[in-house]
Amino acid sequence: MKVLVIGSGAREHALCHSLSLDPDVTALHCAPGNAGIAEVAELHAVDALDGRAVAELATGLRADLVVVGPEAPLVAGVADAVRAVGIPVFGPSREAAQLEGSKAFAKDVMAAAGVPTARSYVCTTAEEAAEALDAFGAPYVVKDDGLAAGKGVVVTSDLDAAERHAAGCDRVVVEEFLDGPEVSLFAITDGETVVPLQPAQDFKRALDGDEGPNTGGMGAYSPLPWAEPKLVDEVLEKVLRPTVDELRRRGTPFSGLLYAGLAITSRGVRVIEFNARFGDPETQVVLARLRTPLAGVLLAAANGTLADLPPLRWREDAAVTVVVASHNYPGTPRTGDPITGLDEVAAQDGPHAYVLHAGTKRDGDAVVSAGGRVLSVTATGKDLTEARERAYRAVGRIRLDGSQHRTDIAAKAAQEAGV
Ligand code: AMP
Ligand code: GLY
């Protein structure tokens with residue numbers, strides 16, 4: 001099978017890493033990719049947001065499957081453009097991707113499907129936002145309606161800051177604050193059959209102890225030793241299936257990856273957000289644990305034949321990923337800094353620890369930073385403690401001037417599991 005992956009982050013590197021290990025994959029291509037992906041796939045300098053160019057590339061390569069990684073191309077209709085030339089695509093249509101592209105649309109689908117989520121108001125004026133903020137009280141949750149790369153949400157007890165964020169967006173969703181730990185649960189679906197993956201936890205804040213601003217995600221781990229064993233089944237029945245059914249009922253079936261961002265509150269599970277693609281960095285740890293070869297699963301979702309697939313197989317291992325970010329991320333990051341130590345990780349820590357690239361590119365013989373999140377250092381182990389040790393040992397070998405990473409990824413979960 002010839003596979004083309006669209007995107008250039010650590011999630012796409014994780015997808016390419018898994019696909020490169022799949023014996024069914026005979027050729028692997030990526031557009032536009034990054035310096036790490038170039039080691040396992042052939043790169044093509046095609047704009048991920050240009051549906052026609054992606055469809056032409058897929059046709060020229062005689063691709064059997066196209067996997068669209070990030071949300072922006074999905075919301076721009078890139079999956080539709082590829083489907084229109086008759087090539088199977090893993091990723092939802094432009095209309096179904098509105099589940100991520102518009103928070104107001106997602107709220108409407110959840111209300112129709114009876115999916116538990118935070119109570120909310122959609123506001124288009126400062127007056128409406130002020131009323132909604134007053135109705136819910138602190139802590140305030142204000143979300144930009146559109147795509148914002150994980151940075152459109154402000155959670156604060158400062159009313160002025162909440163109002164300022166609302167004023168900076170055209171349309172905002174103001175909602176009730178949800179207390180309790182967060183879980184990311186992904187499901188692969190062909191629009192009808194829904195296959196949940198293993199849950200993971202993401203660390204959204206920039207600094208240790210969940211301090212600092214929201215980011216795209218600073219690390220992740222899986223499994224969640226503290227979660228109830230029935231969690232996956234419960235989310236499947238209450239959240240994932242009803243959502244997939246509702247989108248099919250509307251005539252816009254969702255096929256691809258449905259990402260449920262959940263809060264486990266004292267009153268039960270609530271959806272914080274949906275995404276229409278694999279999460280980053282959770283994918284790095286979920287795929288590290290998946291034993292079933294990936295390509296056949298993604299192709300079955302694209303072809304509508306997931307019901308015929310045997311159950312997924314998982315490793316007992318735990319997985320941890322630590323994101324190494326540029327100086328000043330999540331503000332305007334500094335780029336162009338050389339990265340060294342990558343060979344040492346490969347020589348001394350592999351195969352249990354490995355580096356997935358996010359914002360990197362080649363500059364002559366050097367690999368340099370090219371984005372906010374630069375690397376996602378991933379490791380597996382017999383438990384979270386071992387996976388953490390391996391991940392942080394590898395992080396310690398990497399040198400990138402001014403870089404930052406959290407030191408507490410999976411620390412609490414590992415400690416609690418050890419008691
Ligand atoms: P989102 O982009 O919707 O995932 O929001 C980013 C982050 O903001 C989430 O991962 C949560 O940590 C936080 N957040 C979003 N909505 C809420 C809420 N209703 N209550 C508490 N925290 C929230
Ligand atoms: N890890 C959060 C996201 O992918 O949106």
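A short reminder: the numbers here are calculations on the coordinates, not readings from a lab. Just so we're clear, the structure is a prediction, and the values are computed from it rather than from any experiment. Methodologically, a virtual Cβ is constructed for each residue, glycine included, from the backbone with ideal geometry; neighbour enumeration extends over all protein chains shown.
Based only on other Cβ atoms within 10 Å, what is the fewest-to-most ordering of I6, I272?
Final ranking by Cβ density, sparse to dense: I272, I6.
Full-extension gain between D208 and D245, please, as 0.36 nm times their residue separation minus the C-alpha to C-alpha distance.
Numbers: separation 37, 0.36 × 37 = 13.32 nm, distance 3.91 nm.
Using 0.36 nm per residue and subtracting the Cα-Cα distance, I get 9.4 nm.
Multiplying the sequence separation of D47 and K382 by 0.36 nm and subtracting their Cα-Cα distance, what value in nm do you get?
This chain segment gains 116.6 nm when fully extended.
Using Cα pairs under 8 angstrom and six or more residues apart, how large is the relative contact order of the chain, in percent?
On the way: 1023 pairs, mean separation 67.5, N = 419.
Result for the chain is 16 percent.
Using a basic spin-label model with each label point 7 Å from the Cα along Cα→Cβ, how many nm lie between R267 and W314?
Here the answer is 2.9 nm between the modelled labels.
Cα centroid distance between the range 148-205 and the range 302-344, in Å?
With the range 148-205 and the range 302-344 each reduced to a Cα centre, they are spaced 19 Å.
For a quick check, take a GNM of the chain with Cα springs below 10 Å and name the residue from N34, N303, N275 with the largest mean-square fluctuation.
Residue with maximal mean-square fluctuation among N34, N303, N275: N303.
Quick one: Kirkwood hydrodynamic radius for the range 297-337, alpha-carbon pairs, angstrom, one decimal?
Values: mean 1/r = 0.0682 Å⁻¹.
It is 14.7 Å.
What whole-number distance in Å separates the alpha-carbon centres of the range 383-419 and the range 81-145?
The two parts, judged by their Cα centres, are 33 Å apart.
Sort T243, T378, T59 so the one with the fewest other Cβ atoms within 10 Å of its own Cβ comes first. Intermediate results must be reported in sequence, preceding the final value.
On the way: T243 26, T378 31, T59 13.
Ascending number of Cβ neighbours within 10 Å: T59, T243, T378.
Cut-off is 10 Å between beta-carbons; in what order do M1, M110, M218 appear when sorted fewest neighbours first?
M1, M110, M218
Residues of the range 1-23 with amide nitrogen under 15 Å from the 7 Å Cα-to-Cβ point of V40?
3-23
What would the Debye equation give as log₁₀ I(q)/I(0) for the range 183-332 at q = 0.11, 0.18 Å⁻¹, counting only Cα atoms as equal point scatterers?
The Cα Debye sum returns log10 ratios of -0.45, -1.12.
With springs connecting C-alpha atoms under 10 Å apart, model the chain as a Gaussian network and identify which of P199, P213, P229 has the largest mean-square fluctuation.
Among P199, P213, P229, the largest mean-square fluctuation in the Gaussian network model of the chain belongs to P229.
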